[in-house]
Amino acid sequence: MSYFGEIYTGAVSLIAGLGVTGKALFQPTVTVQYPWETIDITPTFRGHIELVTDEETGNFKCICCGLCQLNCPSHCISIKSSKPEGAKKKALDSYMLNFTTCSLCGTCVEGCPADAIKFSDDYNLAGFSREEFYFDLVKRAREEK
Amino acid sequence: MGTEDTKIKLIKPGVTSPEAAAKIGEVEPPLVRLAVVEEILNLCRANSLWPMTFGLACCAIEMMATGMARFDMSRFGAEVFRPSPRQADLMIVAGTISKKMAPAVVTLYDQMPAPKWVIAMGNCAISGGPFLFKGQYGIIEGAVKLIPVDVYVPGCPPRPEGLLEGIFKLQEKITGKRFWPVAQRKSHVAK
Amino acid sequence: MEQITTSMLINELPRLILSLVLVIAFVALNALMLVYMERKVAGHMQKRLGPMVVGPHGLLQTLVDGIKLMGKQIINPEEVDLPLFRMAPILALVPAIAVFAVIPFSEKLVARDLNAGLLVVFAYASLSVLAILAAGWGSNNKYGLIGAVRSVAQQVAYEIPMLVSVLSVVLLSHTTQLTGIVNAQKGMWNIVYQPVAFLIFFICSVAETNRAPFDLVEGESELTAGFHTEYSGMGFGVFFLAEYASMVVGAAIATILFLGGWNGPTFGIGGALSGIFPGVLWFLIKVYILIFIVMWIRWTYPRVRFDQLLNFSWKVLLPFSLANLIITAVVTKL
Amino acid sequence: MKIERNLEEHSLYLNMGPQHPSTHGVLRVILKLDGEYIEEAEPVLGYIHRMHEKMGENRTYAQYLPNMGRVDYLSALSYNQCYVGAVERLTGIAPPPRAEYIRVITTELNRLSSHLLWFGAYVLDLGGFTPFLYSFDDREHILDLLESITGSRLTYCYFRFGGVSKDITDDFITGTRAFIKRLRMHLPMYETLVTKNVIFINRVKEVGIITPEAARRYGVTGPALRGSGIKYDVRKNEPYSIYPEVDFDIPVQDGCDALSRYIVRMLEMEQSMRIIEQALDKLPEGPVMAPKVPKKVKPPKGDCYFAVETARGDFGIYIVSDGTETAYRIKLRTPGFSNLSIFAEISRGTLLQDAISTMGSLDLVIPEIDR
């Protein structure tokens, strides 16, 4: 009897499975049609980093302490700064980010004493060469302005 | 089946680098090139990029997620993940290539029939990523050191949108124009 | 003897060529349609969209894929058995196309209405295993070889219950001519008298065409791509074409044997409907519904294990089909 | 009658991997086959060796954190938790209670996402494609939730020494509750589609038997161990964080086969949801970072071992500190390595397809094995 019983329960389970997928066939799809629609990117999203400018003065908030460069686990930040004659503070000459080695850990942003860097929301980067992702953040920030 | 014909129209010059073509050796340049036929073929190739089921590390999960319901790569005809390199057009190098894996990656690339393309997905495949440190002994610093890479998708790992964007870039590279609109970026407050 | 040949040539050659062209066009077009349908069905079953951007709702996607496959490099891997390796895809496609010669799409639309049509179908259908064996053996690939060996065992196991279940239909309609079998179902379809035989036939035909859950021959998770691992470009494309052609054949035979062929439903409220469509359309509708079910099954179930596959055939399908045959024989005699 | 055969002539060597659809990455298994029966299976490792332990000796304690998201990318937060816990134990930093709760909530969410992915990938190994997409669909919701907190979808780097990097929001809490409700509704669907399916049951039942004795011998942990009837879970046996404060069960099955391991994982999902719900109810107010965390973490000389229960089993970190900013040695005890090592023994004499279902049921993540 168990021979027929097995066949019966097996067949029932198979039909139940068909029911699940059959039901899904008529349910709405969950696809977000990407280039036409986009998912809400959360504000906390970690893209590559960007320099923050002071809204009042228009200058970079960066104080060139070099902590981000020091803390970065994969050494993807290199800062050059100089102290112009007579000036009190150091000025940022270049802020290079090699995004291709970044692990998006957030150490730089959290460690920054001046809140001078933030994560961008560039979530769909792609390019033809890796040099495209060696960002010159100073230039980038100026262009955006 | 027009074997002669297919053998001629193998690869569009400039699609993979000449070094790559020289390395493979088998790929003969077309004897007669008909611009119209080439264009149609390239259009078809661009819209039917079958990737290889080939994941190395973390990025492979995001590659899978790109094929899943939410992002659905199949809209662009690219969901046919072929497990055999012989049937694939596109190699998505998704993850770190270790020195032990490098020969296998090269073999897989060589096994693919031309024309073929490579997307380096994620920072590891681009340059070694976070595993790059002074005195590292285990990884290849970027897929480009082994095989010609067409498109780079940075991130650690990139979001699925990034990979889709990479596929669009590849289509752009094959046909010379971008088909789809550029996604309008919008930052939202989380739901 | 000579006279017969010449007259045959004059009368039959145009007809033969015409039907060949029609069949090949039908098979190719059908494969394009079915692959598109498969991708759409799979997509929506999985709550996604499937091909969308090539043509309206991705209608031209498979055409584009086909052209792309034609433009791929043809690779002859090292140490393949070249004649076998190259012949295998064609060997897979030819029997699938040849079967169409005897399949009646409607009362008139049949290339050759042989009185042993049913036998011709099964003779051709069992040839496909040779192609898979040639492909697996010839490609000098271990995955391919295992796939080919599996294919042989599978084919042998499933052909027997299939034929036995078909025999009970033959007993009912007293003929092996396909049009005759359809005409015998004018009153009531065979599926009503022979539900068990239909189920067995359907399962076996799914197994014969190597569709999931019986796709052990190309079981992706174990054998990468099975017997066609080494095939690139159009070699692979032709295998694909053959798979879809034999899917149509399986569904068409099931329609002819059990679902009344080109006849519309003659019972219930269907009786009123049967006049609406011409016979060909009825036939195709039934074929496509059956193919849809095959796809539905494929995208629902996991793959069976090899020994279970064989056990299922020998321990379940065969006894049931034999019992069915005996009961049918006794009942028709009474 | 025993048939004498020359095995050298009869066996076929099959290389599964390093690129193979069902080795989940770049594991290579050399199979010695007799027909379809496996005579010997030898896993070959190292195809994704990423020098994690060596990097521990080259990076400061804080710089090593992102590595922890990448050892086992599917349960990154458990690894975060283990490393952070180990360093906190060494240095004596105590995270505030709210941080501990957040850690447990996010880690359990991560466990859910890992199990969901495993479920889908396992059915995919067995040839069923659609459940994979369903489980990914559910998983996307977890990733959305975690992304809204941690900023990344997969390789989280969220925990910090002495707390977490960002507080959770009310949206996250409501979203998590909504997700749990959703998953509770979907689990029966998975049961109908897969668990009760006769083909699935036949594929996994009495396949890949790990006897309790063998499991102990090889150091198998996690669901693979609990599927063999041994009730061992780091969360209960060596409680850490706030696990003693929440009420949950350790699901155990004593079938020892792939089906038992499957069921254990499916039941664990329910338990994870229970833990999250309780933690959300009890979530205390307060800061999420300890007040006094030095900018440069410099543990005193000494060593320490800390273990957590990841989605795959017992993961432990052994740190030897020489008093500098960089660890002298970091040793990772990953569950996958021990779980895989038993594969050679349990797959012997089984069919090729059984080996696939066995390997899938062990839930391997190759980078975690190779480190």
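The phi torsions of segment B:115-132, fed into the Karplus equation with coefficients 6.51, -1.76 and 1.60 and a -60° offset, translate into couplings of x, 9, 9, 10, 10, 8, 9, x, 5, 4, 6, 7, 8, x, x, x, 8, 8 Hz, rounded to whole numbers, with Gly and Pro shown as x.
Restriction of the chymotrypsin sites (Phe, Trp or Tyr not before Pro) in segment B:88-191 to DSSP coil positions whose beta-carbon has at most 12 other beta-carbons within 10 angstrom yields B:Tyr137. Helix D:352-361 and the longest principal axis of the C-alpha atoms of chain D enclose an angle of approximately 10°.
Magnitude of the charge dipole for segment D:12-369, about its Cα centre and with charges confined to Cβ atoms of Lys, Arg (+1) and Asp, Glu (-1), is about 940 debye.
Taking θ as phi - 60° and the Karplus parameters 6.51, -1.76 and 1.60, the scalar couplings of segment D:47-55 work out to 6, 9, 5, 10, 6, 4, 5, 5, 5 Hz in sequence order, x denoting glycine and proline. The simple spin-label model puts a point 7 Å past each Cα toward its Cβ; for D:Glu270 and D:Glu191 those points are separated by 0.7 nm.
What you get for segment A:49-144, charging only the Cβ of Lys and Arg (+1) and of Asp and Glu (-1), is a dipole of about 440 debye around the Cα centre. Can you list the trypsin sites (Lys or Arg not before Pro) in segment A:49-107 that are in a DSSP coil and have 10 or fewer other beta carbons within 10 angstrom? Those that pass, being in a loop and sparsely packed, are A:Lys88.
Residues whose amide H lies under 5 Å from that of D:Tyr328, counting only those 5 or more places away or on a different chain, are D:Val320, D:Ser321, D:Asp322; hydrogens are built 1.01 Å from N in the peptide plane. Roughly speaking, what is the centre-to-centre gap between segment A:1-36 and segment D:125-196 when only Cα atoms are used, to the nearest Å? Value for the Cα centre distance between the two parts: 23 Å.
Placing +1 on the Cβ of every Lys and Arg and -1 on the Cβ of every Asp and Glu, with nothing else charged, gives segment C:74-229 a dipole about its Cα centre of roughly 480 debye.
Accessible surface for chain D, divided over its residues, is 32 Å² per residue with a 1.4 Å probe. Applying both filters, DSSP loop and at most 15 other Cβ atoms within 10 Å, to the GluC sites (Glu not before Pro) of segment A:40-145 gives A:Glu55, A:Glu56, A:Glu85. Between chain C and chain B, roughly 3000 Å² of accessible surface gets buried, counting both sides and using a 1.4 Å probe. Computed from Cα positions, the angle between helix C:142-173 and the longest principal axis of chain C comes to roughly 10 degrees.
Largest GNM mean-square fluctuation among D:Ser321, D:Ser361, D:Ser114, using chain D with Cα springs under 10 Å: D:Ser321. Computed over chain C with a Gaussian network model linking Cα atoms closer than 10 Å, the most mobile of C:Trp314, C:Trp262, C:Trp189 is C:Trp314.
Per residue of peptide C:138-151, the mean number of Cβ atoms on other chains within 10 Å of the residue Cβ is 2.
B:Ile139's amide H: which non-local residues (gap 5+, or another chain) put their own amide H closer than 5 Å, with H modeled 1.01 Å from N in plane and none for Pro or chain starts? Here B:Lys99 satisfy the definition. Summed over both chains, the accessible area lost when B and D associate is about 3200 Å², using a 1.4 Å probe. Cross-link pairs exceeding 30 Å between alpha carbons, from the set C:Lys108/C:Lys286; B:Lys116/D:Lys32; B:Lys116/C:Lys142; A:Lys88/A:Lys118; D:Lys54/D:Lys296: B:Lys116/D:Lys32. Computed from phi, the 3J(HN,Hα) profile of segment C:194-202 under the Karplus parametrisation 6.51, -1.76, 1.60 (θ = phi - 60°) reads 10, x, 5, 4, 4, 4, 4, 4, 4 Hz, with x in place of Gly and Pro. Taking the accessible area of the protein assembly as shown, probe 1.4 Å, and keeping the other protein chains in place, the carbon and sulfur fraction comes to 62%. In chain C, excluding the sites themselves, the longest stretch lacking any of the trypsin sites (Lys or Arg not before Pro) that are in a DSSP loop with at most 13 other Cβ atoms within 10 Å is C:187-334. Distance between the modelled labels on A:Glu110 and D:Ile250, one decimal in nanometres: 3.1 nm (7 Å Cα→Cβ projection). Comparing mean-square fluctuations of C:Ser221, C:Ser106, C:Ser246 from a GNM of chain C with C-alpha springs under 10 Å, the top value falls on C:Ser221.
Taking 4.7 Å between C-beta atoms as the pairing limit, chain D has these partnerless cysteines: D:Cys82, D:Cys256, D:Cys304.
Remark: accessible area buried at the B-A interface is about 3400 Å², both chains counted, probe radius 1.4 Å.
Rounded to the nearest 10 degrees, the inclination of helix C:233-258 to the longest alpha-carbon principal axis of chain C is 10 degrees. Averaging the Cα positions of each part gives two centres, and for segment C:1-78 and segment B:114-145 these lie 41 Å apart.
The values are calculated or read from the model by the stated rules, or taken from the named source; none is laboratory data. Note that the structure is predicted; figures quoted are calculated from it, not measured. A quick note on method: Cβ atoms are made from the backbone with ideal geometry, for glycine too, and the neighbour counts reach across all protein chains shown. The area values use the complete protein model at the heavy-atom level, side chains included, leaving out ligands, DNA and RNA. Shrake-Rupley method; radii C 1.70, N 1.55, O 1.52, S 1.80 Å.
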